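**Q** Would you mind keeping the following structure in view while I ask a few things?
Read the figures in this text as sums done on the coordinates, not as results from a lab. No experiment lies behind these values; they were computed from the predicted model shown. Cβ placement follows ideal geometry from the backbone for every residue including glycine, while neighbour counts extend to all protein chains displayed.
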Amino acid sequence: MLQRPVLYALLPALTLALGGCLFETSLDAKGGGTMTATTAVEKDEFPRTKKTMESSVVKLKSAELVGTGARTDGVFKLEFSDASKLQTTQYFRNLRVTRAEGAKKGTMLITATMKNGNPLHLPDAMVERFGREVKVVVAFPGPVVESNGTISGGNTVTWQWGVKEFFNMPEVTMTATYGDAGAPAAEGATDKTPAKAKSGT
């Protein structure tokens, strides 16, 4: 079994994020946007984690360490002009984001693929430390007409996994197709709960 220090070193490299965390993103019509990432972080790792969150094209607007005792969380607020550039940061280097015209006229398809180079079975102690859930929430600039996540409120999609499931998957793909801000959402698109995001398993 991998020792705890080795696991801590591997986690950022394996995924787009540490387990048990929340990523809330708002995208604009040009493909840029903002993100608030909340993730478990050891106090002595906080300065290093801040550095991994930014690059020349991804700006770290603020970073705060919250919580006391055994669990502390880092809250990181990012700003970017192009979501595809998130991979320029060390933290998101395994994430690939693309934007393309959707199958229906006037729609845009965004695809985010995260690869776990070395799928990992997390021991229970690590699950308790980092949390039991990985959640990604994205607000799009127009109504979402199709997604492999859960659509709510017309323009918001949520993807979530149990942390053990997430780390065991070699690849995770999140997709959403959205229309112009002035267009109505497709019938049945609001509060839709489809199958889980595609994985490489």
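**Q** At 7 Å along Cα-to-Cβ for each site, give me the label-to-label distance between residue 180 and residue 48 in nm.
**A** 5.0
**Q** Run the simple label-point estimate for residue 165 and residue 64 please: 7 Å along Cα→C-beta, distance reported in nm.
**A** Rounded to a tenth, the inter-label distance reads 3.1 nm.
**Q** Here's another thing I want to ask about it. Taking the simple approach of a point 7 Å from Cα along Cα-to-Cβ for both residue 56 and residue 29, what is their distance in nm?
**A** With each label placed 7 Å out from Cα toward Cβ, I get 3.0 nm.
**Q** Mind ordering 146-158, 33-45 by average Cβ neighbours within 10 Å, highest first?
**A** The densest-packed peptide leads the list: 146-158, 33-45.
**Q** Of the listed peptides 52-62, 86-96, what is their order by residue-averaged count of other C-beta atoms within 10 Å, with the highest listed first?
**A** The peptides rank, most packed first, as 86-96, 52-62.
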